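Below: one structure, written as structure tokens.
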Amino acid sequence: MNNPAVRNTGILLARIGLGVIFLAHGLQKVNSWGYSGTKAGFEGMGAPVPAVSAFLATWIEVLGGIALIVGVLTPIVGGLLFLNMIGALFITHIGNGIWVSDGGYELVLALGAGALLLAVVGAGKFSVDALLGGKLPWLATEPEPALTR
């Protein structure tokens, strides 16, 4: 849709939805399993350097979820969350098929695709990035003007 208000509202809602899910998954690692439980889970999945992987995945999800919700550093955060989901896809889920009920990758794929999309399109006008766009041009939330002939 080319209507800026609709586009920016859609980006806002997508950011909040994805941010809440990432934040919840990160907080689950912190509050339900704790660091030692998360590390043990990563060891059981065969994650490389499980102590580091567990730490990074947890805090990328917690801090990345918060950052998406408020729309701060969205290109970087979206990229990190995308990479986090690529790791989850190949380390844990790819061999289980697509269905999440079988331990598959449908949720990981959806979250990764959403994070990648936000990394590419940015946070939209209703974000901290939009407020900082003048100071940090790479955070600009408006598309470049179309070339005219």
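The values are calculated or read from the model by the stated rules, or taken from the named source; none is laboratory data. The model shown is predicted, which means the values in this text are computed figures rather than measured ones. Cβ: placed from backbone, ideal geometry, glycine included. Neighbour counts: every protein chain shown.
Do we have any residue at all in the range 82-95 that's within 16 Å of ALA14 (Cα to Cα), modelled with pLDDT of 95 or more and not polar (S, T, N, Q)? Spell out how you get there, then give the answer.
Narrowing the range 82-95 to residues within 16 Å of ALA14 (Cα to Cα): 82.
Retained after the next criterion (residues that are modelled with pLDDT of 95 or more): 82.
Narrowing the set further to residues that are not polar (S, T, N, Q) leaves 82.
Checked the range 82-95: at least one residue is within 16 Å of ALA14 (Cα to Cα), modelled with pLDDT of 95 or more and not polar (S, T, N, Q).
Going through GLY112, GLY122 one at a time, which residue ends up being in contact with a Phe, Trp or Tyr (Cβ under 9 Å, 6 or more places away or on another chain) and not hydrophobic (A, V, I, L, M, F, W, C)?
On the way: GLY122 fails: in contact with a Phe, Trp or Tyr (Cβ under 9 Å, 6 or more places away or on another chain).
The conditions single out GLY112.
Against the definition (among the hydroxyl-bearing types (Ser, Thr, Tyr), modelled with pLDDT of 95 or more and farther than 12 Å from GLY114 by Cα), how does THR9 come out, yes or no? Write out each step before concluding.
Working: among the hydroxyl-bearing types (Ser, Thr, Tyr): yes; modelled with pLDDT of 95 or more: yes; farther than 12 Å from GLY114 by Cα: yes.
Taking the combined requirement at face value, the residue satisfies it.
Counting only helices (runs of 4 or more DSSP H) wholly contained in the range 1-114, the ones carrying 2 or more residues that are touching a Gly at 6+ places or on another chain (Cβ under 9 Å) occupy 4-27, 50-70, 74-88.
Does the range 50-82 hold any residues that are in contact with a Lys or Arg (Cβ under 6 Å, 6 or more places away or on another chain), within 12 Å of ALA115 (Cα to Cα) and surrounded by fewer than 19 Cβ atoms within 10 Å (Cβ to Cβ), and which are they? Once the filter is applied, which keeps residues that are in contact with a Lys or Arg (Cβ under 6 Å, 6 or more places away or on another chain), within 12 Å of ALA115 (Cα to Cα) and surrounded by fewer than 19 Cβ atoms within 10 Å (Cβ to Cβ), the range 50-82 yields nothing. The residue that is surrounded by the most Cβ atoms within 10 Å (Cβ to Cβ), among those in the range 15-31 that are within 15 Å of LEU117 (Cα to Cα) and of a type in the set (A, V, I, L, M), is LEU18. Residues that are under 29 Å from VAL120 (Cβ atoms) and among the charged types (D, E, K, R) within the range 32-83 comprise just one, GLU61.
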